[in-house]
Structure formats: structure tokens, C-alpha cells
Amino acid sequence: MEIRDLLANTSKLPNVPDVVRELIQALNNPSADYGTISEKIAKDQTLSLKVLRMVNSAHFGLSRKVSSIDEAVVMLGMARLKTLVIASGLAGSVQEVEGLDLKQFWSESFRVATLARWFAERGQGIDPDIAFTAGLIHNIGKLLLHITQPMQALAIQRLINESGCSRSDAEMERMGFTTPEVGEALLELWKFPPELGEAVRQHKKPETFEDPSLVAAAVNLGCMVNAAIREGHSVEDLQARFPTESAIIAHLPAGIVNELGEAMALESGLDGVL
């Protein structure tokens, strides 16, 4: 099997709304016309309803009910609206996947994204918006594997359960490549910014690459905190296992380990889009 085999069946690929693609591509373009993008959001009824439902949720605590995307831009600002649109659009790109709990998949992706942005804001040289988006799609290759090759995905999980090996080792043994590499190929097909694909490919072990991605390091740290939460570890456990190599790559201050309690308490506030 080769990566192109997973990308060949275009009818099975996630269906990401055009407005979401444009927003992601606009991340690297400070002069992007967000007014035009806002108009396109308003024309996508499904996406608009999801976003408005989230904007009016208790999480955002707005003083009055928002009834249009134009109002949402004013009340939230384009940066926060952009987050909601990207999360809503990606989470709605696939309705059902064999062998994968989509609600848990996206809930954890939202949390990794939120954590990646949190680390980016405390580091140097990392755009928090790009870190958030990279965190949101860091596992998109695994999603694609389950969509296109569900039996292979189950066989990989079985190998992990039986042998205790890492997911990357199991994927290499069964396929000869890893799902982060698949993710990068899918993002390239979607014409997303190369920086995102690079971060997805490197996020498991950014320190092993000759030119490590700062964004990948932020996502790696987000994944570590998410895993600690999922597995019920304490702050002290996380501090003992904290990947200092990734912290150094992300130019984080030495005292960041003392702030991990705050990181573990973060909530994405995005589960309402599911």
C-alpha cells in the first residue's frame, strides 16, 4: 500500500466547505479579505447555523442574542469567528466512520488545538492561529485511514493492543508509512499552507527532524497534555514526563512546567459544534 492509494477514492475524502479552506489558506495572508469570507459564511446555511448556535452558547457569555454572521463578527471579532468556522467545517466534513468515535475524535482534536494555541502564545515565533489549526487537523491522516481502509485501521489498533508498540511503529509495520505522513499528503491535496502539512508530519517527534517545525512542537506539547487528561494523570505526572525538547524548539520559558496545571484546566468551548 502507498499513501496515494488512500487519496485515490475522492468520493470518500472529507468534504471540507470552501469557506473553511479559504480561511485556512488565509492564515498566512495578513491582507486577506475577511469581509468577503464573512459573506461566504453567511451563505452557507448549515455552517452559519452551527456557528450562531455556538456564538449564543453560555461559553461565550455575550450580553445579547446574536442572529447573523455580521453581528457575530462584530461581537466576537474575526479571529474568534474564524476559529468557530474552521472547527465547525472540519468537524462536519465526515458524518460516520467505521471503528472511530467521531465525537471523541473531534473533542480531543479541539482540545489539542486549544492547547497548541496556549503554548504558541507563551513561546516565540509561532502564530497562535496556525498552531490552533495544526492542532485541530494533526490527526487527519488517522481519520482518512479509517474512512478509506477501515480493516487496515482496525488491524493496526489490534497490533498496538497486542504488542504494546507505538502507533507509528504499528503503522510502519502494516503500511510502510505513518498517518502523519498521510495527513500531510491530504493537506497538500487540499492546497492548505505547507506550514500546516509540515507541522502535521512532524508533530509526533519534532526533535528528530533536521529542521524542526515550531508549530509541530506546540502541537506535540498539546498532544502530551491531552493524553495526560485522557489517561487521568496528575499535574505532577505530566511535569515528570514533559517533553523538554519540544519546549525548547517552541522557545518556551523554562518555567512553563509550573503552568501545566493551567493547561490541563483549559476547555476548548467547541464541543457544541459536534
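Here's how it looks for ILE126: its modeled amide H is under 5 Å from none belonging to a residue 5 or more places away or on a different chain. Sorting THR133, THR244, THR114 from the fewest to the most surrounding beta carbons within 10 angstrom yields THR244, THR114, THR133. Sites listed here are trypsin sites (Lys or Arg not before Pro) in the range 174-252 whose DSSP assignment is loop and whose Cβ has at most 16 other Cβ atoms within 10 Å: LYS191. Calculated mean residue ellipticity, 222 nm, the chain: -19000 deg cm²/dmol, from DSSP H runs (n ≥ 4) at -39500 (n - 2.57) each, averaged per residue and rounded to 500.
Pairs of Lys residues in the range 37-158, spaced 8 or more positions apart or belonging to different chains, with C-alpha separations under 15 angstrom: 5 in total. Under the simplified labelling scheme, the SER163-SER57 pair shows an inter-label distance of 3.9 nm, with each label point 7 Å from Cα along Cα→Cβ. Report the GluC sites (Glu not before Pro) located in the range 221-256 that are in a DSSP loop and have at most 16 other Cβ atoms inside 10 Å of their Cβ, or state none. Those satisfying the criteria are GLU231. In a simple Cβ point-charge model (Lys, Arg +1; Asp, Glu -1; nothing else charged), the range 17-92 has a dipole of about 300 debye relative to its Cα centre. Placing dummy labels 7 Å off each Cα toward the beta-carbon, the span from GLU236 to LEU274 is 3.1 nm.
Placing a label point 7 Å from the Cα of LEU266 along the Cα-to-Cβ direction, the residues of the range 198-228 with a backbone N closer than 15 Å are 215-228. Loop-located GluC sites (Glu not before Pro) in the range 1-88 (DSSP state not H, G, I, E or B) with no more than 14 neighbouring Cβ atoms inside 10 Å: GLU2. Packing, as the average of other Cβ atoms within 10 Å across residues, places the peptides 216-222, 62-68, 267-273, 257-263 in the order 216-222, 267-273, 257-263, 62-68, highest first.
Our note on the geometry: Cα centres of the range 103-161 and the range 1-64, 17 Å apart. Each residue of the range 209-226 was assigned a 3J(HN,Hα) from its phi angle through the Karplus expression (A = 6.51, B = -1.76, C = 1.60, θ = phi - 60°), giving 8, 4, 10, x, 7, 4, 5, 4, 5, 5, 5, 4, 5, x, 5, 5, 5, 4 Hz with x at Gly and Pro.
Could you tell me which residue out of SER67, VAL215, LEU81 lies farthest along the dipole of the chain toward its positive end? Charges go on the beta carbon: Lys and Arg +1, Asp and Glu -1, centred on the Cα centre. Among SER67, VAL215, LEU81, the one farthest towards the positive end of the dipole of the chain is SER67. Apply the a/c threshold of 1.5 to the C-alpha gyration tensor of the chain and tell me whether it is rounded, prolate or oblate. It comes out oblate by the Cα gyration axes.
Values in this text are rule-based calculations from the coordinates and carry no lab data. Remember, predicted model here, so these are calculated numbers, not experimental data. Cβ sites come from the backbone with ideal geometry, for glycine too, and all protein chains shown count toward neighbours.
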